[in-house]
């Protein structure tokens with residue numbers, strides 16, 4: 001079965017303009033064109049587009065996605081290259097996940113602090129301490145001032 005660009009967009013969750021952009025960037029060399037020049041997408045094309053979206057959504061650069069697609073199109077001899085590329089990308093994604101988890105933990109800490117019944121008292125203590133530190137270092141104080 002084949003799909004028009006509109007149908008492929010609906011099935012992939014991308015816009016038709018995104019599919020055209022990906023094609024223009026060399027990410028869709030596997031998509032055939034019919035006799036009047038329109039793109040004809042197949043289920044296999046949509047599976048590879050799904051992988052492309054996964055790589056893009058996890059931060060892979062366009063040039064590396066293009067490299068991956070070209071290796072897929074070159075056949076099984078490129079499997080070791082694909083494993084290397086995807087392995088490196090996986091490591092980068094895991095590193096990014098770790099950083100996001102650390103940042104999320106800090107956000108949770110702040111939310112818990114601000115939801116605490118003594119939040120106002122604790123924040124005022126923080127401001128007092130920060131102000132005293134600025135004064136002791138002869139720095140200007142830009143914190144909220146109750147005066």
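Distance between Cα centroids, the range 6-67 to the range 72-134: provide it in whole Å. The distance from the Cα centre of the range 6-67 to that of the range 72-134 comes to 30 Å. Per the Debye formula on identical point scatterers at the alpha carbon atoms of the range 24-65, with no solvent, log10 I(q)/I(0) at q = 0.19 Å⁻¹ is -0.61. Here the spin labels are modelled as points 7 Å beyond Cα on the Cα-Cβ line, and at residue 2 and residue 30 they lie 1.7 nm apart. By the helix-only formula, in which each DSSP H run with n ≥ 4 contributes -39500 (n - 2.57) and the sum is divided by residues, the chain has a 222 nm mean residue ellipticity of -22500 deg cm²/dmol. Let me check against my output: what whole-number percent is the relative contact order of the chain, with C-alpha pairs under 8 Å and at least 6 apart? Relative contact order, the chain: 15 percent.
Cα-based Rg of the chain per 2.2 N^0.38 Å, rounded to two decimals?
1.76
Rule-based calculations on the coordinates, nothing more; no lab input. Keep in mind it's a predicted model, so treat the numbers as computed, not measured. Note that we place each Cβ from the backbone using ideal geometry, even for glycine, and neighbour counts take in every protein chain shown.
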